[in-house]
Structure formats: structure tokens, C-alpha cells
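A short worksheet on the structure shown next.
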Protein chains: 2
Amino acid sequence: MNSHATHRPDRLAGSALGLPVAVPSTALFTDRYELTMLQAALHSGAAHRRSVFEVFTRRLPEGRRYGVVAGTGRVLDAVENFRFDDDVLSFMEREKVVDRETLQWLADFRFRGDILGYPEGEVYFPGSPILRVEGTFAEAVLLETVVLSILNHDSAIAAAASRMAVAAGGRPLIEMGARRAHELAAVAAARAAYVGGFSTTSDLAAGFRYNIPTVGTSAHAFTLLHDTERDAFTAQVQSMGADTTLLVDTYDVTTAVRTAVEVAGPKLGAVRIDSGDLLLLAHRVRQQLDDLGAHGTRIVVTSDLDEYAIASLAAAPVDAYGVGTSLVTGSGHPTCSMVYKLVARAGADDGADDGELVAVAKKSMGAKSSVGGRKWAARRLDADGVAEAEVLGTGEIPPELAGRQLLVELVRGGEVVGRESLDTARTRHIEARAGLPLSATQLSRGEPVIPTEFA
Amino acid sequence: MNSHATHRPDRLAGSALGLPVAVPSTALFTDRYELTMLQAALHSGAAHRRSVFEVFTRRLPEGRRYGVVAGTGRVLDAVENFRFDDDVLSFMEREKVVDRETLQWLADFRFRGDILGYPEGEVYFPGSPILRVEGTFAEAVLLETVVLSILNHDSAIAAAASRMAVAAGGRPLIEMGARRAHELAAVAAARAAYVGGFSTTSDLAAGFRYNIPTVGTSAHAFTLLHDTERDAFTAQVQSMGADTTLLVDTYDVTTAVRTAVEVAGPKLGAVRIDSGDLLLLAHRVRQQLDDLGAHGTRIVVTSDLDEYAIASLAAAPVDAYGVGTSLVTGSGHPTCSMVYKLVARAGADDGADDGELVAVAKKSMGAKSSVGGRKWAARRLDADGVAEAEVLGTGEIPPELAGRQLLVELVRGGEVVGRESLDTARTRHIEARAGLPLSATQLSRGEPVIPTEFA
């Protein structure tokens, strides 16, 4: 590992590509060691051994009771687009990442293996085989980084979103964290938040890319731009109609609410409060709106909300919550600790699909050991139909669990077969969460709500 | 604000664009309210008022002593590519984001204003005007989200990287967090880490996009793939040469180190330890390598390192650190709290550049108030040339501070004039940090190392 940078051409900040934000292929979302392993394994012949990699996490973030699978659909996109085109190959040649033989092998590469996984929106627990990638070592090892990047990020956001949705108790949640996250991570975050239970996003890129409904009206700057708050409200209502949302906390909230109803009339759509004691203000503003006859005017609150702040407003007359920072940073847990591990591989070098697979696992000391073997996973229910254990095993699944299997086919022989809509994933998450013991939705810290058992 | 989604076409997970990861323009990295404010301000005429927005943060993350500006170069890319092309306009028409008049205005849009800012790699403190965007309200308001996304993310990573670089005391740091972050956030993170003091990255996309040196050799999967550890080491050394890095903790470290030197000879490049008690193992492995005559073989450690773990290994015979999760999550602070606020705007509607600007600021209760007016910023030094205060003010800068101004020109009349290389930013950061009081580089929690004064 050459960890001392030798002299290199100047690293320009500018875009060499002409594309504002892109790289030309998802194959670049790869740690260099995957390519060097490929080269060495092509050299030794072991690259063609049939191999099984599993994605799982050894633990949930501290205190969390369940995890939420998100990003599966993006993984499918990434696998489909995982090609080494000329740009990428010349980069790797220039950078001396791999030798010519390996470059030639990569030029024809596409993933032709199989991927199974927990469907998007499903819940997971420590050890759950969230994704299983099976193919030659060569093709499966290359997917490690991009698969983990997507699942670790998106699942972290979805887990936070799910807790916030529980706390909101059916009131709509607006995702508005784009400014607190990398600009494209924000798009994935809006998508994951939707899976986890959010209704809308402020992020136009997320609307564009995933057709998530977008919302938003005005910021303090709009009020400050005008000579008076009344001028600003008038401009907004004249342009957007009375059904708009007026931001009422630039100066004095009570004055602003009075002005807002004077300008828009009692059919004013909503007011937004973005600072101060939201519990107190929500009650006061509701009373004031009702006194002014604006009974249908909704109250939207936004101000560094997290699931606890949302829960604390459960009894307040709030109609919608806007959530930013704490959503896109996973509410204290911005990434999951999912890993991508070789769990079984063919014992012989012939690469035959029917060769017997050998279970493998890292054996050294400490917390990084794992359980070898290609696993099935099922959720066992109690007599009332409530989940009581995540059961994992190798070999044949016991007949009583066969109907409760969690892994579904996503890619078969390189073809995506598990594509589905975001709404399907969103609905699945609601159902999966509802199938857990009631204590799953407590916001307080706790253990995983069901244990993981190895059969 | 319509926060209840009406029925909409199915949200497909698949790529509608054919591009794996991209959106067609940075103009989509925009919260919807910026467009609705634009529409209403075009309607009221206030859209043409000359306006000044500033990016600043009200506080550093708790316990941090300085912040690090990163992402400036990416902001310049984003501004250059901020265009509303047909794809984007038809999306906004379909989504009914704005009216036809506004769509027409957007079709011709490009930013023609001025941007000044702290140069990339500079340090910052609460209140520092990290970026100042000046133009019409219309053109400046649109940049809010993309500017904040980039600066909030990249600066969070650079701040963590800087602390790790201090802890590493000159030993090289390898960025290897791609798998723990959104796949494109990871690329920006590698870039920000380089600015903050890292030497290399594992992420091929970061190498491709920003020409950051890439490194990496093998994972546990490579050892497990082969029938024996010796087979794996032999395959790697035959393919990559003896100067490679062998991973020695799949089974037993002592056995692995012995095998490694037997296979590669005493010229083995490095061994990597990825689990266990790194302090103990580093000493033991160094002794063993020396006993085997492999005096030049380096030791690379990687295992959930953060700045504290790195510091704890200062006296250990470690040659390089690989850092993943804690880097890309900002070591506990995955985002900064930078905001983009209107601080001044013309009082008249004529939009004349020479119209007098009125300082504006949100006035309501609590922590969200800010200081109005277009600011200068300078770092005052003590008699020994060490920074003693971040001084901000409006109007004329006092002559004794004029030579210590922090804002530089980045965009003039819409043209980027502040482009520079990543190495320039990286060097600047080392110098800026060295100019702070010594206590800046303590890892323990503390207050900002210099106070911010308003002149």
C-alpha cells in the first residue's frame, strides 16, 4: 500500500467531465482493494470460484429497537450500471490500479450473478442477511463498496424517518434536510425518508428523480426583502393564492398572524413557525387563528425537530412537521454498520455452479468474527401473529418457517427481477413495523425488539 | 403548503434518466421554496432588489475549537452549472412549482452576481462570513440550498480530518470511508479529507474525479477465498509484487506475519491489522517483523479509528492509519450548522447597483437572530503573530486590519475567478491551523480557540 503520495499533477477543483455532479459509471464507487483482489485472484485462478457474500450488521445503533432496509432499489440501479467503460479503464490504467489482463477482463464485465435480499421497507435485526450476492468471486467482490454505501446511508435515514413517523402519529412529515447533507445524499435521503413514512420533500431533485411530492413556500429572506411584513405577505398571497403557507416568525408572531389573516382572509392555507417555544406558540397561534375565524388554516412547525421534539408536540395543535438536520443525519446515527462478507465459496477451482460451497468466516479475536455459510432468514410469529424472533440458518429451512422467509429475489443471472415502486416499499414498512411487538415503537433506548436466533 | 400528497403516478425506483447517479443540473439542488419566493418576488417587483446573502454558523459543533472551510471549489462548479434546462423546466411545470412567467425567467437564468468567501482550507469561527453572495434577490436566493449542502457537508468532513491529521502527527492518513457514506457524498468526503490533511483515499471515484492518490490491496474475503492463508498471500505477492500490503488478521496474527515474510521475503511492503488491540498488536508485530529481518515493512492499522484512537497510537510503531466511518460522519458532527441569510438589500425597487443597501435581520426571539449588514472579516494577530480574534464588521475596515482580510473574490459578475487546486487548499489549511493558538489542536472539548468580535 503506497500511502506516501508521490508527486502528481495538480488536483484541480474544476470539473474535468463537464458533468456537474456525476461520475460516468457506478463501477467507480469501488474501493481500490476490490480491483487489486480481483487481479490477484485472476492470477491465482480463485477469481472464478463461486462465492456468496452477505450484507448484515453485527448490531443496531445503540438503543434502537429495529432497523429499516432502504436503498434496495438504488442498489439495483447501481448493479445495472456497473460497467467499466473506456473513461474508467483509462483512468485505472493511468493510476496503475490493475494490470492489463485485469483491464481486459473488466472491459467485458457485467454482473451475471444472483442477488436476494430483504425487500425495501422491511425491518431488520442484528445478523439479518439484508442482501446476499452470489456469483463468481470476481463479480461479487466488485460490488462491495457501492452496495454498502447505498444500504448504509439509506437505511440510516429510513430508520430515523420511521421513528419520526411513529412520533408524528399520522400527521404529515415534510423532509427538508437538503441543506444539511451532501447535495446528492440529500436526494437519497428524501427517498429513504419517503420509504420510512415521510409524505413530502422540499428537495426539487428528489421530486425530479423519484417523483416524491415537493412542497415549500417562503423563508425569512422573503419577508426581509420587502419593506414590511405586510408587503411580503401580500406579494406571496397575490402570486400563490390564499392557500399558501405564510412564515410568521420573522418579527413578532402575534402581529404576523393577524397580518396574515388580514391579507389572505380566513381561507389562508397555513402558517409556519420556525423558531421559539413551538408548544406554546402552536397553542397560542391556534387560538388566535380560531378567534380570527381561520379555523381551516393549518399550523406547520419547523425548527431543528427530531423524533423527541415531534413527540413532545403530540398534544399541540400542529398539522404538519418539517424536519431537516436530524433526519438527514440519521438522528444521531448517520450510517449503519452493515458489512459485506464472504460467507461461502466453492472448494474447487473449476467454478462449476454445482460445486459444493464451503462456509468461511474470519476467525481472529474480538467483535469482528462472523457466522459462515449461506443463510436463510425467517421471522417467527407468536400465537397472536406478532413477531417473536428473527431466525437465521444454513441448509434447509424448517417447514414451519418456510412461509415466513424474508429474502426475495432481486437479480437473477444478472437481470433485475425485483424492481418495485417506492410506494410499495413505503407500505411494506408500515406493515412490517406493525407486525413487531408494541415496544418496537417506544422512542426510549432499548434492545432489539426481537432476538436473532441461529437455527 | 400542500403537505398531503394527492394521487400521483407510481414512483418507480428505476432510473428514468439513463444516468446512473446524476441529475442534469445543479439547479435541481434547490428547495422548492426558493422558486416560490422567486415567483412571488417577481410578482411584487422586489426580485430585482440588489441583495446580499451571507453564509455563517452561529456556533461550532460542541467542544470544537475551530472549523475548516471546505467545498468552496465544489460551490464554484455548482454555480457554473446552475442552469434550468428543458428537462428541469418541464419537471417544474408538471409539478406546478411556479407559474409560466417564472419558468420563462428561469429559462434564461445564469448567476451574474458576485461571490466572495473564505478560501478553501481556511479556518473559521462562529459568525465568520464564510461565503457572501451578492446580486439581485432573484439570482442570489436560488443558490441557498446547493451552497449550504456543499459547505455544510464538506466542512464537517474537513474539520474531522484536520483533527485526525493533528492526532496522526505527520503519519499518513488513508481515507477509506466510502462504504459508510452515500456513494457521491463519499467522493466529496475524500476530497474534503484531502483538504483537511489526509494523503490518500481508497475510493476510485475520488481518484477519478479529483485526482486524489488511491490505495488499497486486499480484504479478509481474499484470504477466505483461498484454501489457505499462505495460498492467498502467495497469490497476492505473485500478482502485486513484494511491495504489497498483506492483511494479517484473518486467522492468527503471529502466524500470518510469519507466513507473510516467508512468502514475500523481508522486502514485504506492509502488513495491515484491522481488528484487535491495535496498540498491543502494533508493538508485537513490529518486534516480530524486525526479528524476521523485515525492518522496512510498514504497519498499517485500520479498525474504526477516530482522532482519539489515532492519538492513543502515537507511541506505537504504526506507519499509517486508515480511517473510515468516523471520518465520513464528521466524527460525531456529520454536518455543520451553516445558514444562508439575507443580511442587506436595496431599499428601492429600481435594482440599481449603486442603490443604498439596508441591513436586515430576523428579529424574533431566541437563538435564530442574526446580525444584519454586509460584513468584512479579518483575523487579528497578537505581537507574536498568533491569531487572537476573528473580527467582523460592516462599513469600512479599520486600516490596521486591512492586510488581514479573510474574504477573497470567487465569482465576479457571474464568472468564476477563484478557482484553485486542491493542493493549494490543503497547504492553506496547514498554514491557517498553524497560525492559531496552540490550544487549537487539543483534542479535548473546548471553546472556539479565538473569540469573534463585532467591530
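The values are calculated or read from the model by the stated rules, or taken from the named source; none is laboratory data. Predicted, not measured: the structure shown is a model, and the values here were computed from it. Cβ coordinates were reconstructed from backbone atoms using ideal geometry, including for glycine residues, and neighbour counts include every protein chain displayed. The protein model used for the area step is the full one, side chains on, heavy atoms only, and it has no ligands, DNA or RNA in it. Shrake-Rupley method; radii C 1.70, N 1.55, O 1.52, S 1.80 Å.
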**Fill in**
Using alpha carbon centers only, segment A:402-433 is separated from segment A:306-334 by a whole-angstrom value of 28
**Request:** Return the residues of segment A:25-46 for which accessible area with all protein chains present is lower than in the chain on its own by 40 Å² or more; set the probe to 1.4 Å and exclude ligands, DNA and RNA.
**Result:** A:Leu28, A:Phe29, A:Asp31, A:Arg32, A:Tyr33, A:Thr36, A:Met37, A:Gln39, A:Ala40, A:His43
**Request:** Under 13 Å from a label point 7 Å along Cα→Cβ of A:Gln287: give me every residue in segment A:305-330 with its amide N that close.
**Result:** A:317
**Asked** Considering the alpha-carbon set of segment B:169-330 alone, what are its Rg and its Dmax in angstrom?
**Response** 15.6, 44
**Prompt:** Taking Cα centroids, how far is segment B:157-178 from segment A:20-66 in Å?
**Reply:** 23
**Request:** Run the accessible area of chain A with a 1.4 Å probe and give the carbon-and-sulfur part as a rounded percent.
**Result:** 49
**Prompt:** Tell me, what is the per residue accessible area of the protein assembly as shown in Å², probe radius 1.4 Å?
**Reply:** 34
**Asked** Using the per-residue mean of other Cβ atoms lying within 10 Å as a proxy for protection, in what order, highest first, do the peptides A:385-394, A:104-113 fall?
**Response** A:385-394, A:104-113
**Message:** Using a label point 7 Å beyond Cα on the Cα-Cβ vector, give me the inter-copy distances for B:Leu279 in nanometres, one decimal, shortest first.
**Reply:** 4.4
**Message:** Can you classify segment B:207-260 as rounded, prolate or oblate using the Cα gyration tensor, where a ≥ b ≥ c are the square roots of its eigenvalues, rounded means a/c under 1.5, and otherwise it's prolate if a/b beats b/c and oblate if not?
**Reply:** prolate
**Request:** Could you run the Debye sum over the Cα atoms of segment A:58-157, one equal point scatterer each and no solvent, and tell me log10 of I(q)/I(0) at q = 0.11, 0.14, 0.15, 0.19 Å⁻¹, two decimals?
**Result:** -0.42, -0.62, -0.69, -0.94
**Complete:** Within the protein assembly as shown, the percent of DSSP beta bridges that are antiparallel, given to the nearest 5, stands at 65
**Item:** For the protein assembly as shown, average projected area of the Cα convex hull in nm²
**Value:** 35.6
**Prompt:** Hey, what number do you get for the protein assembly as shown at 222 nm if only DSSP H runs of n ≥ 4 count, each worth -39500 (n - 2.57), divided across all residues, to the nearest 500?
**Reply:** -10000 deg cm²/dmol
**Complete:** Subtracting the Cα-Cα distance of B:His295 and B:Leu279 from 0.36 nm times their residue separation yields 3.9 nm
**Message:** Just to confirm the number: angle between the C-alpha axis of helix B:422-434 and the first principal axis of chain B, 0 to 90 degrees, nearest 10?
**Reply:** 90
**Relative packing of peptides B:279-288, A:85-94 - highest average C-beta neighbours within 10 Å first** = B:279-288, A:85-94
**Request:** Rounded to the nearest 10 degrees, what's the angle between the helix A:144-168 long axis and the longest principal axis of chain A, both from Cα atoms, 0 to 90?
**Result:** 30
**Fill in**
Plugging the Cβ-Cβ distance of B:Thr452 and B:Asp108 into 1/(1 + (r/R0)^6) at R0 = 25 Å yields, to the nearest 0.05, a FRET efficiency of 0.05
**Asked** Pairing the Cα long axis of helix B:229-240 with the longest principal axis of chain B, what angle in degrees results, from 0 to 90 and rounded to the nearest 10?
**Response** 60
**Asked** Which residues of segment A:140-187 end up with at least 40 Å² less accessible area in the presence of all protein chains than when their chain stands alone, using a 1.4 Å probe?
**Response** A:Ser149, A:Pro172, A:Arg179, A:Arg180, A:His182, A:Glu183, A:Leu184
**Message:** Checking an interface number: how much accessible area is buried between A and B, summed over both chains, with a 1.4 Å probe, in Å² rounded to 100?
**Reply:** 12400
**Fill in**
The rounded separation in angstrom of the Cα centers of segment B:207-260 and segment A:70-131 is 21
**Asked** Quick one: which of B:Lys96/B:Lys375; A:Lys267/B:Lys363; A:Lys267/B:Lys375 span more than 32 angstrom between C-alpha atoms?
**Response** B:Lys96/B:Lys375; A:Lys267/B:Lys375
**Distances in nm from A:Arg112 to the matching label points in the other copies, shortest first (labels 7 Å along Cα to Cβ)** = 5.7
**Item:** aspartates and glutamates with Cα under 13 Å of A:Lys341, excluding same-chain neighbours fewer than 8 positions away
**Value:** A:Glu34, A:Glu54, A:Glu134, A:Glu144
**Asked** Near A:Ala389, within a Cβ-to-Cβ distance under 12 Å, what is the net charge of the other residues, with Lys and Arg +1 and Asp and Glu -1?
**Response** -1
**Fill in**
With R₀ set to 30 angstrom, the calculated FRET efficiency between the beta-carbons of A:Ser444 and A:Val386, to the nearest 0.05, is 0.90
**Complete:** Other residues with Cβ under 14 Å from the Cβ of B:Trp376 give, with Lys and Arg +1 and Asp and Glu -1, a net charge of -1
